[in-house]
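Structure first, then comments.
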Amino acid sequence: QVQVVESGGGLVQAGGSLRLSCAASGDTFGINLMGWYRQAPGKQRELAALIRDSGTTTYEDSVKGRFTISRDNAKNTVYLQMKSLRPEDTAVYYCYVGSQRGVYWGQGTQVTVSS
């Protein structure tokens, strides 16, 4: 079993920045994909950014150039640096961990961007 714990959400004004962190612990053998999904009120959960163990990244179109995902493989930790935040970025952000043993989710952290 893998435990996933997020931190770093909060309230910020439009144009501001936030950094999310997510640490995986427990049976972390074989983790190959880490990332962030987000779910806005009344909408489906959607991908924000993913990073593979190779370092290859994928971003949702609306966050390209504003969000940067990175990871520390030794610590099984993934980060999401968010800049130039917009009110439409308001959502619960969920950490995603994919390994050879399965898929694991964090409990979610709220990000609220005020206009």
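The values are calculated or read from the model by the stated rules, or taken from the named source; none is laboratory data. If you're wondering where the values come from, they're calculated on a predicted model, not measured in any experiment. We place every Cβ from the backbone using ideal geometry, glycine too, and count neighbours over all the protein chains shown. With ligands, DNA and RNA removed, areas are computed over all heavy atoms of the protein, side chains included. Shrake-Rupley method; radii C 1.70, N 1.55, O 1.52, S 1.80 Å.
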### Task
Out of all DSSP beta bridges with both ends in the chain, state the antiparallel percent to the nearest 5.
90
### Task
Please list, or write none, the aspartates and glutamates whose alpha carbon is within less than 15 Å of the alpha carbon of Lys64, excluding same-chain residues fewer than 8 places away.
Glu46, Glu88, Asp89
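Provide the packing ranking of 84-94, 35-45, i.e. peptides ordered by the mean count of other C-beta atoms within 10 Å per residue, highest first.
Numbers: 84-94: 17.7, 35-45: 14.9.
Listed from highest to lowest mean packing, they are 84-94, 35-45.
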## Note on the structure
Taking a straight Cα-to-Cα line shorter than 15 Å from Lys83, and setting aside same-chain aspartates and glutamates fewer than 8 residues away, one finds Glu60, Asp61
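Ranking request for peptides 101-111, 51-61: highest mean number of other beta-carbon atoms within 10 Å first, then the rest in descending order. Could you put the intermediate results ahead of the total?
On the way: 101-111: 15.6, 51-61: 13.0.
In descending order of packing, they fall as 101-111, 51-61.
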### Query
Relative to a virtual label point 7 Å from the Cα of Thr56 in the Cα→beta-carbon direction, which members of the range 15-48 show backbone nitrogen distances below 20 Å?
30-37, 47-48
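With a 1.4 Å probe and every protein chain left in place, work out the accessible area per residue of the chain in Å², rounded to a whole number. Provide the component values of the computation, followed by the final result.
Working: 5860 Å² over 115 residues.
Solvent-accessible surface per residue comes out at 51 Å².
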### Query
With labels modelled as points extended 7 Å from the Cα through the Cβ direction, what inter-label distance (nm, one decimal) is found for Gln1 paired with Asp72?
2.6
### Message
Residues of the range 71-115 with the amide nitrogen closer than 16 Å to a label point 7 Å from the Cα of Asn32, along Cα-to-Cβ, please.
### Response
97-104
